[in-house]
Each structure stands twice: as C-alpha cells, then as structure tokens.
1. (1) more than 30 Å from Lys194 (Cα to Cα); (2) touching a Phe, Trp or Tyr at 6+ places or on another chain (Cβ under 8 Å): which one isn't true of Asp5, the others all being true?
2. I'm trying to understand the selection: among the residues of the range 315-334, which are loosely packed, with under 13 Cβ neighbours inside 10 Å and either at pLDDT 95 or above or in contact with a helix residue (DSSP H, G or I) (Cβ under 6 Å, 6 or more places away or on another chain) (or both)?
3. Residue check, Glu120 against (1) among the charged types (D, E, K, R); (2) more than 16 Å from the ligand (Cβ to nearest atom); (3) touching a strand residue (DSSP E or B) at 6+ places or on another chain (Cβ under 9 Å), all met but one. Which one?
4. For the range 339-360, enumerate the residues that are outside any loop (DSSP other than H, G, I, E, B) and over 19 Å from the mean Cα position of the chain (by Cα).
5. I'm told Phe149 meets every condition in (1) part of a loop (DSSP other than H, G, I, E, B); (2) of a type outside the set (S, T, N, Q); (3) within 16 Å of the ligand (Cβ to nearest atom); (4) touching a Leu at 6+ places or on another chain (Cβ under 6 Å) except one. Can you identify the failing condition by its number?
6. I'm trying to understand the selection: among the residues of the range 302-331, which are in a strand (DSSP E or B) and of a type in the set (Ser, Thr, Tyr)?
7. What tally of residues in the range 1-30 results from selecting those that are over 30 Å from Lys113 (Cα atoms) and buried (at least 18 other Cβ atoms within 10 Å of the Cβ)?
Amino acid sequence: MITKDPTFLKRQGANFLSLINDLKRNRKAAAQDLQVSLETIEKIIAGESDIPPGLIQRATEVWPVNRRDFMIMEDDCPEGVLVMRGEASEKSSRIFTRGGADYYEYRDTAMSKVAPFRPEWILELCTVEDNDPKNSSLRWNNGHFMHQFTMFVGPVNFYYIEENQKKVMVANTGDSMYITPFVPHTFATRQRQKGLILALTYGNKLLGDVQQEMSSLGGDIPGQFLLETRSRDAYFASLLQLQMAALSLSAEDLIVQTGLPADRVHRWIKGEAFPTPEEYGRLADRLNVNVYDLMPPDAFDPGVIVSYLSHSKPRRYFNCQIRELASIRYLPYSKALLLDVLEKAETFPFKVPLHQYCYNFGDVSVTLRWDWKGQTREVEVGPNDSVYVKPFVPHSFSPCAAKPASLLSLRIGGKGTGEPQRELSHIGKKNIQRIYQEYSLWYKEE
Ligand SMILES: [Fe+2]
C-alpha cells in the first residue's frame, strides 16, 4: 500500500518558489509570464492548490525549464520506516520464462519512493546438476544499467562473464556478490525450489538527474565525460586536463605560474608520471581546487566481487553480531551487513547515515524500535518481512524469541552523500532548510 504524502502540496509550492527565484521572477512577474492570476501563483506557493494543467506547458514554452523541474518526489514513508509483509511480497509474485522454460520467480520486497534501491526476492527455477558455467540450461542476460548487490539464500550458483570468460560462484546462505552495471550474469539452484537470492539493484548517483542531463546533451558529449581508467597516472592526467580546460589554461602558463619543471608537467598531461605530495599542493593551489579533486582512485576495482560468508570475521556491535558482506571501493556509500540479533536491545544502537533496507531471512521475528521526532515507535518484522529505514533514524532490533534473529541490512547513500554532502556542508547549517524547502523570495519586497 502506498501512503499518501501529507506534505506534497507544501513541498511542491516550495519547489515552485525556488524555481521562480532561480529565474529571478517574483510572484507578479511569474503570473504575467504564465498568463494566470497572481492568486493562482500565491496558492501554489502556499501549498493550497495543485499546479493547474496547462501551467507547466506554458512555463516550458516561455522559460528555460523542463516539465520535470516542477515534479517533486513523494514521501511514502512519513514516519521514517516502511514495512512490507511476507504475504504482500508473495502476492506480487511474477514468474518469467527464459528460452521457453520458467526461469525466475520475482517478488517485491520493501521499496520506498524516497529510497534509491529496488530490492527483489528471486527464486531460481532453473536447477543444475553441475557447476559448469557452460551448462546449456542456463539463460544469460545482457547485463543491466543498475548496480547489483546479491545475497544468496540456499544453494545457488551465480554465473558471470569476466574478461570474456564464463565463471561460476558456488554460493550458500550468507554468501554475497556485487556486480558492476552491464556485466552479463545468470543464476541457478543446485537443489529444486531451495535456492533464492535477495537481489538489490540501484542506480546510485547516475540514475535520474545525471542520466537526464547526459541524454539531453546528446551526440558524443556524454562519452567525453569519461576519465581515463587505463592507469592511475592516466586518470590523474584526465583530471588535470579537465581543470586546465575548464580555465582555458595552457601547459606553458601552468609551468610558468607554478614554477614546476616543464618536463614534469608535460609528462603528467600525457599520463606518464604522478606528482609528489608537494607538487600536488602546488598544482591544486594554482588551479584553486582541493588536492582531492585531482586524485585518482587508490586502485581500480574489478567488475565482480564475490564474498564468502566464511571469510567474513564476525564482530560484536551492541546486541548484534555483524558480518560484512560484498562491497567495492568505488561505491564508498554502499554497505551490506549480515546482522545476527542476539539479545534484546536496551538503547538505539543504530543511526545509519545511509538509506537502509533490511530483510528478515531467518525464522525468528524481531521488534524494530525507532525514534521519530522524539517518540518511540515499534513494529514486528517477521520472517520474510522487509523494511526500509530513512537515513539517521535512531533504531534497534530485538529478537522476539530466545534465539537469535537474522537480518540482511543493505545501506545505500542515495543522492545526498559524497560530493553533494560536501557542498551542503559548505553552504552551512543556517541555510539547510532553504535548500530543500524554499520559503522566501530571494529579496525583500517593500
Ligand atoms: Fe541482475
């Protein structure tokens, strides 16, 4: 069931005000441009009425804006937590065939409009008798745009293509993997009806705004955003060239103005050498950027990460035992944990700075308790139930029986972490509300 968002019109009004502020239109000028009454504009901004049909069309004709600029996200999780019951998951069941045979049964699990992931419960309907990645009963996909994290439940084989070779991971409960977008893959079970996966796909930062901007720039422009990943030197060269081109700064001027040796600078630009920390500082000073902006990744990640639970060292965190599952360096805000909830929690040990999805894959229910605006709320999360928890919501899990409960916890940064977080922090605390909910004209009208 989708909860209706009580703040929708208010937030739509704030978005509208922010939009006309950016276009340097006050309410009267906006009304004139859009050929509507001042009262119409005021009601939209106050959140008292929806945007009338035709107004957005008119706006896209007279202003350099897109229809989507007027559309806002809905909050279907107004109390911080959203639960999907196992029975509701079961009702969403869809069986898809591949190559004429039933191949996967899909079921939805907890998903929110505000969260970046699309977690699915997928039962493998193809049973194999061997672990041969060339098994003829396998049906491969072509890979997909979304990142995929998967935790295995039961005896599942995960097949993937790496360096043009078909490979297999022979997995069991708690093992996990991460695959980069567009890596072809498939799954099968080694025991009929016993192998399933919790597949969590997500678009990370590229989904939505970035995708839209790239698509509308068109032609060969999107490809030119790619940085050179052949080596760390080459990656650094791409970043340096980008900053120089952004300033239209020649290599000669860079050499003269930094006093750095000409041969060093030329080799950097060609991707044949790497600066020392001291040279890094001088480059960053001249370009007026942070050293961070010129840094390549520490290492280039493989396309597929496979992680066996037996290799993950358990550690105690308050009332839980935690084991870390598959992760990859280039997605620093994507974490997957297996939580064994051992005993009753006395406090709220978790306050996760990321969007969180949990699936109860064991046979013991847990009580999820959380703090929402100073009030404690709780819900029971039974076997096969799943939940979504908003970032920074203090919460705890307690088992409902005298034995431990088992949860998969997947945490993803969404759009706000990383670069936007740095930008947000620079703008400062005082203005945070005006960023996400504009409430005033940009100047005083008197
Ligand atoms: Fe997939």
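The values are calculated or read from the model by the stated rules, or taken from the named source; none is laboratory data. Every value quoted in this text rests on a predicted model; they were computed, and no experiment measured them. Reconstructed Cβ throughout: ideal geometry from the backbone, glycine too, with neighbour counts over all protein chains shown.
1. (2)
2. Arg315, Arg316, Tyr317
3. The failed condition is (2).
4. Pass one, the range 339-360, residues outside any loop (DSSP other than H, G, I, E, B): 339-341, 350, 355-360.
Across the range 339-360, the qualifying residues are Leu339, Asp340, Val341, Phe350, Asn360.
5. Unmet condition: (1).
6. Listed by number, the residues that qualify are Ser307, Tyr317.
7. Step one: of the range 1-30, the residues over 30 Å from Lys113 (Cα atoms) are 24-30.
Going one step further and asking which of them are buried (at least 18 other Cβ atoms within 10 Å of the Cβ), we end up with 25, 27, 30.
Residues flagged as over 30 Å from Lys113 (Cα atoms) and buried (at least 18 other Cβ atoms within 10 Å of the Cβ) within the range 1-30 amount to 3.
The rows are residues; the columns are (1) without any contact (Cβ under 8 Å) to a residue 40 or more places away in the chain; (2) more than 28 Å from Asn164 (Cα to Cα).
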{"position": "Pro297", "(1), (2)": "no, no"}
{"position": "Phe300", "(1), (2)": "no, no"}
{"position": "Arg316", "(1), (2)": "yes, yes"}
{"position": "Ile328", "(1), (2)": "no, no"}
{"position": "Leu331", "(1), (2)": "no, no"}
{"position": "Thr347", "(1), (2)": "no, yes"}
{"position": "Val352", "(1), (2)": "no, yes"}
